[in-house]
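Chemist: Structure in C-alpha cells, see below.
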Amino acid sequence: MSREVISLDSITFHYPGSEQQVLKNVSFSVREGEWVAIVGHNGSGKSTLAKLMNGLYFPKAGSIHIAGKKLEKDTVWETRKHIGMVFQNPDNQFVGTTVQDDVAFGLENHGVPHEDMVRRVHSALRQVKMDDFLNQEPHHLSGGQKQRVAMASVLALQPDIIILDEATSMLDPTGRQEVISLVRALKQEQEMTVLSITHDLEEAAKADRLIVMNQGEVYRTGTPEEIFELGDELVSLGLDLPFPIKMGNALKAQGVPVQGQHLTEEELVNELWTSHFKK
Amino acid sequence: MDISLQEVEYRYAAGSPFEKKAVENVSFTVSSGECVAVIGHTGSGKSTILLHLNALLKPTSGSVVIGDRTVKAGRKEKDLKPIRQKVGIVFQFPEQQLFEETVLKDICYGPMNFGVSEEEAKCRAVYWIKQVGLSEEILQESPFDLSGGQMRRVAIAGVLAMEPEVLVLDEPTAGLDPRGRKEMMNMFFRLHKERKMTMILVTHSMEDAADYADKVVVLHKGKKVHEGTPRELFSDAERLSEWGLGVPEVVRFQRMLEAKAGRKLPGICLSIEELAASFSELSGGKAT
C-alpha cells in the first residue's frame, strides 16, 4: 500500500462568529497517487475542507496531516509546498500579462533561479498542452484553456497533491472535458495525487474513490460503482446520478432488461446491442 | 411584452482603431409569454445580444423593439428606466453583485430605485425570498454570510422583486449542485408558466435548451445561424458541431445506440423517459 499523503482525523469546524458547525467529526485519508473526488451538495462543507487542507483556516478540533506533517500555524508554509490548488473561477486566478508570466509568478515568489524557472515554466505548459500560447494574454483564452494554465502554474511548483475546488464547474462541456482528461493524464503519467471537489458526477465517476459529504459529515466513501449503487439515496442528498445509470434505470422502468449498472455510455450501448440487436 | 431585434449590428469601440464587430444582422422576436433559449459557443455574440435586451447597449445599426419602445441606431434615447424595470436581467454569477448589509436591504434596492416605496419593497422582499426557496429569517442576515447557492437565490430575488415582465437569464445555474440546478430551473419555469412571464435563457446547457425552451436561437461568430424548436435543432447534430455546439446527452446516446445497432428510432428523443419508451417499443418483441 502506498503511503497516506493527506489524512484528516476527526475534524470539527465552524467559521469565526458563526455557531453553525460546518464540519462535524470528519475523517478520511488520501493515498499517494490516488484520485479522490469529494462530492456533496452546495453547503455540505466540501469547499471548507479545501480551505482547511491548505491552512487558510484551522480546525476547531481534530488534526490534519499533509505528507506526514501535522498542519499547524508553524508548519503551514511547509505543508503548502506539497499542495497546489486550482479554484472555480478561471478569471480570478490570473496575475501575469502573458501565459508564461503567469506560470512564472509562483516560482518567482519561491525565489527559483531564472534559468530553472524558464525550464519549469516551459515544461509545466507542455504538460497541459498550452506551450503554443506562451506569450498570449490569459484573458483571451477559452475557459478550459484558462484552467489548464492555472494547472500549469500549480504544476510548475512541483506539488505532490493537486486540489481542484470546483475547477470545472464554470466551464462549458468542452472545457470540462479538457480539464478532466488532463487530470487523468497527470495521474497516469506522473502518479500525481488528485483531490477533486465537485458536484459534477461525470467527473467524479472517473475518480478512484468518492467521498460523499452531507451536512458537514462524511456520508459514505467507496469506489464510484459502490457509491452510484446508492441510486435515489444520492438524489435525496442533492446529487444526481451519471447519465448512463439514469438511462439504464429508465429502460428498466419501461420493461427493457438491463443487467447491473453501467458507468459509461459505451458499456450500456454494448449491453443493449448485445441483448437486442446482435444475432 | 414582445422584444424584437431587427438587423442588429454592434461594433465595440466603433470609430476607433480597436473597432470590433461583435454581432451582425441579427433578427429574431421573443413573443410575450414565450421561453426562448439563445445558445452559441464562447465568443458567438450571446453576451452582446443579451445587453441589447434592456438597452444596456444600443445597436450600431438596426433596431431593438422592446414593448412599445424602439431603440434605434444613431438616435439618442431618453428615460430608459422603464425598459430596465420591465426587462430584468439575471447576469452570470449574480451573487457577485450583492453589496448591502442585509439580505432585506439588498432585495429592496432594485425596486426602490424604480420608485417603489420602502414599505412595498419590504413586502416584495418577504414574498420573493420565499419564492426562491429561502426562509424569511434570512432577510436579516448579511448576504456575505450565506453559502454560494443561497447568495445566488438572494440575487435572483432582487431581480424578481422589480417584478419585470421579461426575465433574461444568463447561465443561471452555473456552479450550482444538481438539485440546486433543477430547483432553480423549475422555479423559473413555474414563473414562466403561472405568470406568463417571458423568459430568455442564455445558456451553453443543451439539456436546459431541450427541456425548457419553446424556441432556440443559435448564434455563431456574431450571426444568427438557426432559429427553431429544440426538436428540429437537435435532430441535426452535424450542423451543431460546425457551430462548436453539442447535442443534449440523451440525443448523443440515442445516436450512439443507433450507430451500433445499425437502425434508427422513429424520431429524436429529448428526454431519458422518451428515449426509454421509444427503445422499448422498438425492441418490444425481443424483450423478455
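Chemist: Which of the three applies to the protein assembly as shown, rounded, prolate or oblate, going by the alpha-carbon gyration tensor with a ≥ b ≥ c and a/c under 1.5 meaning rounded?
Modeler: Numbers: a/c = 1.42, a/b = 1.17, b/c = 1.21.
It is rounded, given that a/c, with a ≥ b ≥ c, falls under 1.5.
Chemist: A further question on this structure: Could you please report the charge total around A:Leu268, scoring K, R as +1 and D, E as -1 over all other residues with beta-carbon less than 11 angstrom from its beta-carbon? Spell out each step's value before the answer.
Modeler: Working: positive: A:Lys246, B:Lys260; negative: A:Glu265, A:Glu266, A:Glu267, A:Glu271.
Once all neighbours under 11 Å are counted, the net charge is -2.
Chemist: In region A:126-279, what is the count of Lys pairs whose alpha carbons are under 28 Å apart, counting only pairs at least 8 residues apart or on separate chains?
Modeler: So the count works out to 12.
Chemist: Give me the one-decimal nm value for the distance between modelled label points at A:Ser123 and A:Arg220, 7 Å along each residue's Cα-to-Cβ direction.
Modeler: 4.2 nm
Chemist: Over region B:153-288, give the accessible area per residue in Å² for a 1.4 Å probe, as an integer.
Modeler: Result: 41 Å² of accessible area for each residue.
Chemist: So, one more: Summing +1 for each Lys or Arg and -1 for each Asp or Glu, what net charge is found among the other residues whose Cβ lies under 11 Å from the Cβ of A:Gln21? Present the calculation step by step, with values, prior to reporting the outcome.
Modeler: Working: positive: A:Lys24, A:Lys60; negative: A:Glu19, A:Glu217.
Within the 11 Å Cβ shell, the charges total 0.
Chemist: Could you state the angle between the C-alpha long axis of helix A:99-109 and the longest principal axis of the C-alpha atoms of chain A, as a value from 0 to 90 degrees rounded to the nearest 10?
Modeler: 60 degrees
Chemist: Mind checking how much accessible area B and A bury in total, 1.4 Å probe, in Å² rounded to 100? Don't skip to the end; give the middle numbers.
Modeler: Working: alone 14600 and 14090 Å², together 25590 Å².
The buried area between B and A, both sides summed, comes to about 3100 Å².
Chemist: Can you run phi through the Karplus equation (6.51, -1.76, 1.60; θ = phi - 60°) for region A:270-276 and list ³J(HN,Hα) in whole Hz, with x for Gly and Pro?
Modeler: Each residue of region A:270-276 in turn: 4, 5, 4, 5, 4, 7, 10 Hz.
Chemist: Let me ask another. Please say if chain B is rounded, prolate or oblate, where rounded means a/c under 1.5 for a ≥ b ≥ c the square roots of the C-alpha gyration tensor eigenvalues, and otherwise the choice is prolate for a/b larger than b/c and oblate otherwise?
Modeler: In terms of gyration-tensor shape, oblate.
Chemist: About the Cα centre of the protein assembly as shown, what is the dipole size in debye to 20, counting +1 per Lys and Arg Cβ and -1 per Asp and Glu Cβ, all else neutral?
Modeler: Numbers: 65 positive and 80 negative charges, 197 e Å.
Once rounded to the nearest 20, the dipole reads 940 debye.
Chemist: What are the residues of region B:178-215 that lose 40 Å² or more of accessible area, with a 1.4 Å probe, going from their chain alone to all protein chains?
Modeler: Buried-area filter returns B:Pro178, B:Arg179, B:His204.
Chemist: Connecting C-alpha atoms closer than 10 Å in a GNM of chain A, tell me which of A:Asp101, A:Asp160, A:Asp132 has the biggest fluctuation.
Modeler: In this elastic network of chain A, the residue with the biggest mean-square fluctuation among A:Asp101, A:Asp160, A:Asp132 is A:Asp132.
Chemist: Mind ranking A:163-169, B:226-232 by how tightly packed they are, going by the mean number of other C-beta atoms within 10 angstrom, highest first? Each step should come with its number before you reach the end.
Modeler: Values: A:163-169: 23.9, B:226-232: 15.9.
Listed from highest to lowest mean packing, they are A:163-169, B:226-232.
Chemist: Okay, moving on. Ordered by residue, what ³J(HN,Hα) values in Hz, to whole numbers, does region A:180-194 give under the Karplus form 6.51 cos²θ - 1.76 cosθ + 1.60, where θ = phi - 60° and Gly and Pro are x?
Modeler: 5, 5, 4, 4, 5, 5, 4, 5, 6, 7, 10, 6, 5, 8, 10
Chemist: Only Cα pairs within less than 10 Å get springs; with that Gaussian network setup on chain A, which residue of A:Gln188, A:Gln158, A:Gln177 has the largest fluctuation?
Modeler: Evaluated over chain A, the most mobile residue of the options is A:Gln188.
Chemist: Which of the lysines could a cross-linker span from B:Lys72 if the Cα-Cα distance has to be under 20 Å and same-chain partners fewer than 8 positions apart are dropped?
Modeler: B:Lys20, B:Lys21, B:Lys46, B:Lys58, B:Lys81, B:Lys86, B:Lys223, B:Lys224
Chemist: In percent, how large is the relative contact order of region A:1-114, given Cα pairs closer than 8 Å and 6 or more residues apart?
Modeler: Details: 137 pairs, mean separation 26.9, N = 114.
Averaging sequence separation for qualifying contacts and normalising by length gives 24 percent for region A:1-114.
Chemist: For chain B, what relative contact order do you get, as a whole percent, if you take Cα pairs closer than 8 Å and at least 6 residues apart? Write out the running numbers ahead of the final one.
Modeler: Values: 512 pairs, mean separation 62.9, N = 288.
Relative contact order of chain B: 22 percent.
Chemist: For chain A, set up a GNM with springs between Cα atoms under 10 Å and report which of A:Leu49, A:Leu237, A:Leu71 has the largest fluctuation.
Modeler: Largest GNM mean-square fluctuation: A:Leu237.
Chemist: Rounded, prolate or oblate: which one fits chain A, using the alpha carbon gyration tensor with axes a ≥ b ≥ c (rounded when a/c is under 1.5, else prolate when a/b beats b/c, else oblate)?
Modeler: Values: a/c = 2.12, a/b = 1.31, b/c = 1.62.
Taking the square roots of the gyration eigenvalues as a ≥ b ≥ c, chain A is oblate.
Chemist: Output the relative contact order of chain A, whole-number percent, from Cα pairs under 8 angstrom with separation of 6+ residues.
Modeler: Working: 486 pairs, mean separation 62.0, N = 279.
So the answer I get is 22 percent.
Chemist: DSSP loop (so not H, G, I, E, B), at most 13 other Cβ within 10 Å: list which GluC sites (Glu not before Pro) in region B:1-65 pass both filters. Numbers along the way, then the final one.
Modeler: Values: sites: B:Glu7, B:Glu9, B:Glu19, B:Glu24, B:Glu34; in loops: B:Glu19, B:Glu34.
Of the GluC sites (Glu not before Pro), the ones in loops of region B:1-65 whose Cβ has at most 13 other Cβ atoms within 10 Å are B:Glu19.
Chemist: Shifting gears a bit: Which residues' amide hydrogens lie under 5 Å from the amide hydrogen of B:Ile89, considering only partners 5 or more residues apart or on another chain, with H built in the peptide plane?
Modeler: Answer set, sorted by chain and number: B:Val168.
Chemist: Work through the residues other than A:Met85 whose Cβ is under 14 Å from its Cβ and net out their charges, Lys, Arg +1 and Asp, Glu -1. Walk me through the intermediate numbers first.
Modeler: On the way: positive: A:Lys46, A:Lys51, A:Arg80, A:Lys81; negative: A:Asp160, A:Asp165, A:Glu166.
Counting the neighbours of A:Met85, the net charge comes to +1.
Chemist: Could I ask something else about it? Between B:Val23 and residues 5 or more places away or on another chain, which pairs have amide H atoms under 5 Å apart, with H built 1.01 Å from N, and which residues are they?
Modeler: Counting only residues 5 or more places away or on other chains, the set is B:Tyr10.
Chemist: Moving on. Any chance you could count the Lys pairs in region A:3-100 whose alpha carbons are under 19 Å apart, treating pairs 8 or more apart or on different chains as valid?
Modeler: So the count works out to 15.
The values are calculated or read from the model by the stated rules, or taken from the named source; none is laboratory data. Fair warning: this is a prediction, and the values are worked out from it, not measured in the lab. Heads up, the Cβs are rebuilt from the backbone with ideal geometry, glycines too, and the neighbour counts pull from every protein chain shown. Quick note on the areas: whole protein, heavy atoms, side chains included, nothing else; ligands and nucleic acids left out. Shrake-Rupley method; radii C 1.70, N 1.55, O 1.52, S 1.80 Å.
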